[in-house]
Ligand code: PDD
């Protein structure tokens with residue numbers, strides 16, 4: 001398929017220079033945006049977060065969001081994507097390798113491409129397992145940057161244990177997971193870590209909070225511990241295209257009755273309706 005490279009649609013081959021700052025330093029930001037039945041889901045929300053990430057790392061966006069939005073819609077139709085994601089990243093650009101920002105004005109490099117991805121129907125219906133691992137990331141996890149090595153290592157641990165996710169904890173406190181947000185249900189209330197510098201404020205997370213409000217489910221954006229998590233009635237994770245997956249086992253220990261819980265199922269149902 002075609003790749004959006006700054007303002008143009010080009011073939012995917014040899015686009016990246018060895019001195020691209022994203023390649024050398026992870027000096028850039030990204031978004032993964034869901035596409036369902038040929039249409040974007042929550043595109044504006046993703047673009048607003050992209051804008052925020054850019055600001056936080058002092059990167060100026062190479063073009064206006066309205067123009068970018070049009071290009072992304074065009075990319076999806078050019079590539080005839082029906083179900084999958086658009087991956088979009090912007091790096092600080094190509095410059096001689098020095099750690100500091102390039103002194104002369106270097107144009108940031110934006111790349112977007114489409115990727116076919118199925119939703120995890122089986123896991124979403126029957127639940128899945130997760131492992132726990134220490135959150136060794138930096139203190140600005142609210143920025144969606146390209147620096148994902150700690151997330152990569154955490155996810156690898158999950159895969160090696162036949163789990164879908166690695167749930168991260170800083171000391172005793174559960175933050176989020178390697179590539180998703182974590183929610184716990186206890187006595188009918190939903191708990192999730194507050195959206196501060198320790199987590200990425202997921203677009204799916206925000207949607208779930210909105211749905212809980214509509215469903216009149218009480219939500220407390222409050223940190224909880226490993227102990228609380230293992231004693232939860234229900235547990236689920238959220239992310240783009242993964243949507244909502246119930247977690248029924250953590251480190252081989254059962255969560256609740258080891259089946260997707262009623263509150264989780266209600267939220268999943270409301271989420272599916274919102275996709276229509
Ligand atoms: N990851 N937390 C982390 C660390 C993430 O990487 C992600 C998403 C989320 C969920 O955010 P959202 O609901 O906006 O997708 C939370 C994407 C999908 C990825 O890196 O592939």
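What nm distance separates the two modelled labels at residue 63 and residue 230, each placed 7 Å from Cα along Cα→Cβ?
5.3
Using alpha-carbon pairs under 8 Å, 6+ residues apart, how would you state the relative contact order of the chain in percent? Write out the running numbers ahead of the final one.
On the way: 543 pairs, mean separation 49.4, N = 276.
Over the chain, the number comes to 18 percent.
As a test of the formula, what do you get for the chain when each DSSP H run with n ≥ 4 contributes -39,500 (n - 2.57) and the sum is divided by the residue count, at 222 nm and rounded to the nearest 500 deg cm²/dmol? Kindly include the intermediate steps, with their values, before the conclusion.
On the way: 8 runs with 82 residues, N = 276.
Rounded to the nearest 500, it is -9000 deg cm²/dmol.
Which of 52, 97 has the fewest other C-beta atoms within 10 Å, and how do the rest follow up to the most? Could you put the intermediate results ahead of the total?
On the way: 52 14, 97 9.
Neighbour counts put them in this order, fewest first: 97, 52.
So if R0 is 45 Å, what FRET efficiency would residue 115 and residue 138 give, r being the distance between their Cβ atoms, rounded to the nearest 0.05?
0.95
Separation between the residue 218 and residue 249 pseudo-spin-labels, each 7 Å from Cα along Cα→Cβ, expressed in nm?
It is 3.3 nm.
Give me Rg/Rg_expected for the range 121-275, where Rg uses Cα atoms only and Rg_expected = 2.2 N^0.38 Å with N residues.
Normalised Rg, Cα atoms only: 0.94.
For the chain, take the alpha-carbon Rg, divide it by the Kirkwood Rh, and send me Rg/Rh.
Using Cα coordinates only, the ratio equals 0.98.
Quick one: if you stick a label point 7 Å off each Cα along the C-beta vector at residue 103 and residue 16, how many nm between them?
In this crude label model, residue 103 to residue 16 measures out at 2.8 nm.
Cut-off 20 Å, label point 7 angstrom out along Cα-to-Cβ of residue 82: give me the residues of the range 225-262 whose amide nitrogen falls inside.
241-243
Can you give the % of DSSP beta bridges in the chain that are antiparallel, to the nearest 5?
Antiparallel bridges: around 80 percent, rounded to the nearest 5.
Please report the antiparallel percentage of the DSSP beta bridges confined to the range 142-276, to the nearest 5.
85
Using alpha-carbon pairs under 8 Å, 6+ residues apart, how would you state the relative contact order of the range 1-142 in percent?
31
Mind sorting 268, 116, 199, 244 by how few other Cβ atoms lie within 10 Å of their own Cβ, fewest first? Intermediate values should be presented prior to the final figure.
Values: 268 20, 116 12, 199 23, 244 26.
So the ranking, lowest neighbour count to highest, is 116, 268, 199, 244.
Sequence gap at least 6, Cα distance under 8 Å: using those rules, report the relative contact order of the range 167-276 to the nearest whole percent. Intermediate results must be reported in sequence, preceding the final value.
Working: 186 pairs, mean separation 28.4, N = 110.
Answer for the range 167-276 is 26 percent.
Which ordering of 100, 193 is given by a fewest-first count of other beta-carbon atoms within 10 Å?
Going from least to most buried by this count: 100, 193.
Every number in this text was worked out from the coordinates using simple rules, so none of it is lab data. On a predicted model such as this, the values are computed, not experimentally measured, just so you know. For neighbour counting, all protein chains shown are included, and Cβ atoms are generated from backbone atoms with ideal geometry for every residue, glycine included.
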